[in-house]
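Before any comments, here is the structure.
The values are calculated or read from the model by the stated rules, or taken from the named source; none is laboratory data. Owing to the predicted nature of the structure, the values given are computational and were not obtained by experimental measurement. Cβ sites come from the backbone with ideal geometry, for glycine too, and all protein chains shown count toward neighbours.
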Amino acid sequence: MELFDNLMLGFASALTIQNLLYAFGGCVLGTLIGVLPGLGPLATISMLLPFTFGLEPLSALIMLSGIYYGAAYGGSTTAILVNLPGETSSVVTVLDGYQMARQGRAGVALSTAALGSFFAGCVGTLILAAFAKPLTEFAFEFGPAEYFSLMTMGLVGAVSLASGPLLKAIGMIVLGLLLGLVGTDVASGVMRFTFGLPQLWEGIDFIVIAVGIFAFGEIIASLEHKEIREAYTGKITNLWPTLADFKRMMPAVLRGSAIGSAVGILPGAGLSLASFFAYSLEKKVSRTPEKFGRGAIEGVAGPEAANNAAAQTAFVPTLTLGIPGSATMALMLGAMIVHNIQPGPQVMTSNPSLFWGLIASMWIGNLMLVILNLPLVGIWVKLLTVPFKVLYPAILLFCCVGVYSVQNSVFDLFLAVGFGFFGYALRKLECEPAPLMLGFVLGPMIEENFRRAMVLSKGDFAIFIHRPISAVLLAVTAILIIAVALPAIRNKREEAFQED
Amino acid sequence: MKIVRQKDFASGLLYIILGIAFAVASYGYRMGTASRMGPGYFPFWLGIIMAAIGVMVILGAVRSRAEPQRMERWALGPLFIILASVVVFGLLLDTLGLVLSLIALVVGSSLASHEFTWRATLINTLVLIVFALVVFVYALNLQFPVWPTFIAG
């Protein structure tokens, strides 16, 4: 089996003592920050990224995936123990997880989440490995027109599947694209939007935007709400689910993994949608739907499996096509570019040990997570009792050190402060900032492909419709927009009818 | 005309201003033609699209039938204190070094909490300085000026 040969190659390059240590370190750091309520994976990943910059590419990627999974998983612990979702993807885990904790089954809820996530992570890794080759071969047929249409579909897909008003989200994408163009134009050498500042010649660093808008913004927003935390303070004694628990959670985990893997591949669908779908499915197929919201173990197992599977398969478009489907993936892509790895169809052929090493490292990251979360859960519980007033200066310190060490530049810190103010304003105006991040990373790529396509067609815009793959992608984009707009139209019509 | 949705109205306005600013700035670069685009072409049209979206958002915000939405109060205190402490950290870092500027960052930002106490803040500052030195400077070997330039030379 070629698939297993490839995976073996990956494990051979990823499994060194040193790399395992980096995976471990990444998981600890990611979980450490991810556990804190209010700091989502975007903020967590953006402030921790710079710490991987000094490492070799493969080690850095391994540490990165540790951070990514730690950040993605840390929220579940918070959801179960504090009744607060650590991030949007664990919103539904709160419903039954915290109820289980209140019934004295916090340990079981935590281990269900961890084991479910691990199983789903394994499924996701296999799917990623299986999809990588055919998709990569398919991607070699892509010309600039196809890439342009694919990115457009990805961007529109990312906002149409998310919540919130579509029009404002598209505006944020466009702003992100524009910010991505700041700096030297590769084709002409012209400095664009740099205000004569040499620090901007290379463009704005993605860490600066991410830390400014997400991390600073989230700290300020958290300080604003004098939240009352209802934390589970009892001792966590029994970690192991009973046989009856296993019988109830296994089918939920299987269904969750399937849903999550499918949803994760879609651009922009993200982890929250996966866990939401899984929760409603579990409720539908359950013989005792009235138990949901009152500590049903399926309500923890399904969504947790789903969001971890999605976390894994979200790498499919990023690694094979070089196009991230979500803001978090955009950050991961940015981090890979820092290490001189331009993800896309070429990586797998030109640097197979790195490509398969990365895939193997994701599995290692997942395993670390289980090892880390079950025995160390006591530490995370302690961390949750530390008051926010002590934590946020430490978070701020991480942010500042992270931003500064990208280029050892104080200018970047000031720029991040500017984006912090902007990010806070966006929050107050209810403009979702995640699409901006996605647009920012794709900005230069989408312009380059657009230009090339137009050179090939000698200025004829019809090239995007004449090429079949591109036409299909644009048609899907149009359908997505109409599908989101339709219920809105319907609602408005209903409003109009009511007034008449 | 009545502004029914205040947040949307303000966002629309922001989109229009930013879109036009980008379009005007792009117009200063060579535009080129559709087949040979200059550096101004793509951002110019993106700016126009952004401003157009802003107009549509504003139109949605002034419809009398729209669901009313009011602007929230801004937490100007925490906003200013947090951002200012980062600015001070940045201003001091290159001359005074990591240790002294960290004091400014941690103490300064702690003032934003409504539960501020000197005792907890000072302990926190001390712990974080030791942590930063051990983890960032020695373990990760990040390049920082640690001590003031007039001492370290």
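Candidates in region B:25-59 are the residues that are surrounded by fewer than 19 Cβ atoms within 10 Å (Cβ to Cβ) and of a type in the set (Gly, Ala, Ser); of these, the one that is nearest to residue B:8 (Cα to Cα) is B:52. Residues in region A:362-397 that are of a type outside the set (A, V, I, L, M), buried (at least 24 other Cβ atoms within 10 Å of the Cβ) and at the interface with chain B (Cβ under 9 Å from one of its Cβ atoms) were compared, and the one that is nearest to residue B:142 (Cα to Cα) is A:393.
Scanning region A:3-29 for residues that are over 20 Å from the mean Cα position of the chain (by Cα) and of a type in the set (A, V, I, L, M) yields A:3, A:7, A:8, A:9, A:12, A:14, A:15, A:17, A:20, A:21.
Residues in region A:399-420 that are under 17 Å from residue A:201 (Cα atoms), surrounded by fewer than 20 Cβ atoms within 10 Å (Cβ to Cβ) and in contact (Cβ under 8 Å) with a residue 40 or more places away in the chain: A:406, A:407, A:409, A:411.
Counting only helices (runs of 4 or more DSSP H) that sit wholly inside region B:72-153, those with at least 3 residues that are modelled with pLDDT under 90, under 23 Å from the mean Cα position of the chain (by Cα) and at the interface with another protein chain (Cβ under 9 Å from one of its Cβ atoms) are B:76-110. For region B:25-34, enumerate the residues that are more than 7 Å from chain A (Cβ to nearest Cβ) and either touching a helix residue (DSSP H, G or I) at 6+ places or on another chain (Cβ under 7 Å) or not in a loop (DSSP other than H, G, I, E, B) (or both). If the condition is that a residue be more than 7 Å from chain A (Cβ to nearest Cβ) and either touching a helix residue (DSSP H, G or I) at 6+ places or on another chain (Cβ under 7 Å) or not in a loop (DSSP other than H, G, I, E, B) (or both), then B:26, B:27, B:31, B:32 are the ones that fit.
Scanning region A:303-362 for residues that are among the polar types (S, T, N, Q), closer than 20 Å to residue A:15 by Cα and either part of a helix (DSSP H, G or I) or within 13 Å of the chain's Cα centre (by Cα) (or both) yields A:312, A:353, A:361.
Is it the case that some residue within region A:413-424 is outside any helix (DSSP H, G or I) and either within 30 Å of residue A:6 (Cβ to Cβ) or at the interface with another protein chain (Cβ under 9 Å from one of its Cβ atoms) (or both)? Within region A:413-424, none of the residues are outside any helix (DSSP H, G or I) and either within 30 Å of residue A:6 (Cβ to Cβ) or at the interface with another protein chain (Cβ under 9 Å from one of its Cβ atoms) (or both).
Here is a yes/no grid of residues against (1) at the interface with chain B (Cβ under 10 Å from one of its Cβ atoms); (2) buried (at least 21 other Cβ atoms within 10 Å of the Cβ):
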position	(1), (2)
A:140	no, no
A:143	no, no
A:151	no, yes
A:154	no, yes
A:171	yes, yes
A:175	yes, yes
A:178	yes, yes
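Looking for something under 22 Å from the mean Cα position of the chain (by Cα) and facing another protein chain (nearest Cβ under 9 Å) - is there at least one such residue anywhere in region B:59-70? No, every residue in region B:59-70 fails to be under 22 Å from the mean Cα position of the chain (by Cα) and facing another protein chain (nearest Cβ under 9 Å).
Here is a check on your reading of the model: is residue A:3 over 22 Å from residue A:341 (Cα atoms), in contact (Cβ under 8 Å) with a residue 60 or more places away in the chain and outside any helix (DSSP H, G or I)? Judged against the criteria, residue A:3 is not a match.
Inspection of region B:35-44 finds a residue satisfying the criterion of being part of a helix (DSSP H, G or I) and more than 7 Å from chain A (Cβ to nearest Cβ). For the structure I just gave you, tell me whether residue B:48 is in contact with a helix residue (DSSP H, G or I) (Cβ under 6 Å, 6 or more places away or on another chain), assigned to a helix (DSSP H, G or I) and either more than 7 Å from chain A (Cβ to nearest Cβ) or among the acidic types (Asp, Glu) (or both). Answer is yes for this residue. Of all the listed residues (A:109, A:71, A:43, A:79), the sole one being touching a helix residue (DSSP H, G or I) at 6+ places or on another chain (Cβ under 7 Å) and more than 30 Å from residue A:397 (Cα to Cα) is A:109.
Is it true that residue B:97 is in contact (Cβ under 8 Å) with a residue 24 or more places away in the chain and at positive phi?
Considered against the rule, which asks whether it is in contact (Cβ under 8 Å) with a residue 24 or more places away in the chain and at positive phi, residue B:97 comes out as yes.
The residue of region B:1-24 that is farthest from the other protein chains (Cβ to nearest Cβ), among those that are buried (at least 16 other Cβ atoms within 10 Å of the Cβ) and in contact with a strand residue (DSSP E or B) (Cβ under 8 Å, 6 or more places away or on another chain), is B:4.
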